[in-house]
1. Kindly put R38, R209 in sequence by how many other C-beta atoms sit within 10 Å of each C-beta, fewest to most.
2. Which whole-Hz ³J(HN,Hα) couplings does the stretch 215-230 yield from phi under the Karplus relation 6.51 cos²θ - 1.76 cosθ + 1.60, θ = phi - 60°, glycine and proline marked x?
3. What full-extension length gain, to one decimal in nm, is calculated for A212 and R248 as 0.36 nm per residue of separation minus the Cα-Cα distance?
4. Beyond 23 Å between alpha-carbons counts as too far, so tell me which of K243/K341; K200/K243; K79/K273 fall in that bin.
5. Under 5 Å between amide H atoms, partner at least 5 residues away or on a different chain: which partners does L70 have, H built in plane at 1.01 Å?
6. Cα gyration tensor of the stretch 276-325, axes a ≥ b ≥ c as square roots of the eigenvalues: rounded (a/c below 1.5), prolate (a/b > b/c) or oblate?
7. Give, as ranges by residue number, the residues of the stretch 139-161 whose backbone N falls under 17 Å from the point 7 Å along Cα→Cβ of R205.
8. With θ taken as phi - 60° and the coefficients 6.51, -1.76 and 1.60, list the Karplus ³J(HN,Hα) couplings across the stretch 86-93 in order, rounded to whole Hz; mark glycine and proline as x.
Amino acid sequence: MKPDQREGSGVTVKAIHRVLGAAILAAAFAPVSATQARAPAPPVELAGIPVALMVDSGSGQVLYARQPDLSFVPASMTKVMTAYVAFEEMAAGRLSPARVFTISPETARQWGGRGSGLRLAAGTRISANMLLHAITTVSANDASAALAQGYSGSIAGWAALMNAEARRLGMTHSHFATPNGWPDNGATYVSARDLATLGKALIARHPDRYRAYFGQKRLTWNGVTQENHDPTVGVVPGADGIKTGFTREAGFNFLGSARRDDRRLFMVIAGAKSEGQRAAAARAFLEWGFAQWRARPLFAAGAHIADARVQDGAAAHVPLIAAAPIAAAVPATGQARLALKLIYTGPLVAPVAKGTKVADLEIRVDDLPPARVALLAGASVARAGPVERLLNGLRGLFA
C-alpha cells in the first residue's frame, strides 16, 4: 500500500500496517504538549436549545453535538427533502423546471391560506421552477403540496420518494409523511445528524441547483413579495441557506450552511423558544465554527491516497483517490494530533469500476469522535482470465 506522500499532500505518514485487508495510516502533525488543543467551548447563545449540531464538510467531523440522533419534528425543514427529491428527479430527466402544473381544487381548498404559501387558487398554472422557488425561499406549504400531488399523483406517492431517498442517504432516524412539514401527529420526524447528511448531499450532488434555489432573500409572485426567514443569509459572511422551520409543536428550527475559503460548515439547531433566539444562536454558531476551528489540508481532489488489494483482477491493486478536497478541522489554538486510518473490506473482488466508493478514510483529531470520508476507485480493474488468476494466486503464495 502506497500512501500519497507527494509535495503538497499535507501528510507525513509515520507507520503503515496492513491487517485483514485494512490499512492504517498514522500521522502525527504536532507533538503532545501542555498546550495540546482541546475542543472549544460552544457559544453561549446555544444555552437552552435542546438540539444542536455542527459538521465540517471537508472531513465529516462533528465539531459540536447535543442530542444529534434525537428524533424531533422538523416543521418546514421537511421541505429540504422535497427540494432534494425534485433535484434528483430533474437530474434523472424525469422532471423539467419548465413543466407546468395546474392547481387542483383539492390542493387549493386544503392549503389556500394555511401557513406560509403563495395562496394558489384552483386552476392556477405554475411551473415546477416557480414552485421550487416558493418552497425554498418563502416556505410555501401550498407549493409543496402542489408539486407533490402534481408529480406523484398523491402526497403518499411523494412521501414514498422522500423516504426512499432518506434510506439511500443513510438517514436512519428520519421518516417523512408530508412534503411540507405541516403537523401530522409525529409521522414526520428527523434527527440533526440526518439533516446534516441531507444538507451535504443536497449541495454535493446538486451544487448549481442549490445556488439557484437556496439562499434567495425574497420572492415575488402574482404581485406579492415575501421575505425569506433565513437568519444568516446576508448577515453571516458565506452563509447561503438552507431552511428554517417553525410550528408550536416543533419550536424554532434551522438547518444552515456557510462557506468561506473553500471550507463549508453545516449546522442544525432545533427547539429554540423564539425567532430571536434561533437567529442569535444560528449566527453565533456559524461564527464559532469558523473562528474556533481551522482547516488542515490533507489531500487535493483526485489525490492518490493509497492502494487496495484486488482479488481475481487483471491488476493486483487499485488506487484509492479523494472524491473532493479533504481537510481536517483542528482547533484554532494549541497543538493537535491527527491520525488517519484507511478502512476497506479486503481484498476487493474484481471487477472494480472506476469511481466506485470502495474505502473510507477515517480522520481522528485528538480525542474527538472520528469521522470518515469516502474514497473512490481511481481506475477500473477487470476480472482476470484463468491464466492471470493462476499467476496472481502464485504471487500471493510467495508474497
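Derivation of every value follows stated rules applied to the coordinates shown; laboratory data play no part. Just so you know, these numbers come straight off a predicted model, no measurement behind them. Neighbour counts are summed over all protein chains in view; Cβ atoms, including those assigned to glycine, are modelled from backbone coordinates with ideal geometry.
1. Details: R38 13, R209 20.
Starting with the residue having the fewest Cβ neighbours, the order is R38, R209.
2. Computed from phi, the couplings for the stretch 215-230 are x, 7, 7, 7, 9, 10, 9, 6, x, 10, 9, 10, 9, 7, 8, 4 Hz.
3. Gain in length upon complete extension: 9.9 nm.
4. Numbers: K243/K341 34 Å; K200/K243 13 Å; K79/K273 21 Å.
Distance filter (> 23 Å) returns K243/K341.
5. Amide H neighbours of L70: A192.
6. Values: a/c = 5.95, a/b = 3.48, b/c = 1.71.
Prolate is the answer for the stretch 276-325, as a/c is 1.5 or above and a/b outweighs b/c.
7. 158-161
8. After applying 6.51 cos²θ - 1.76 cosθ + 1.60, I find 4, 4, 5, 5, 5, 4, 7, x Hz.
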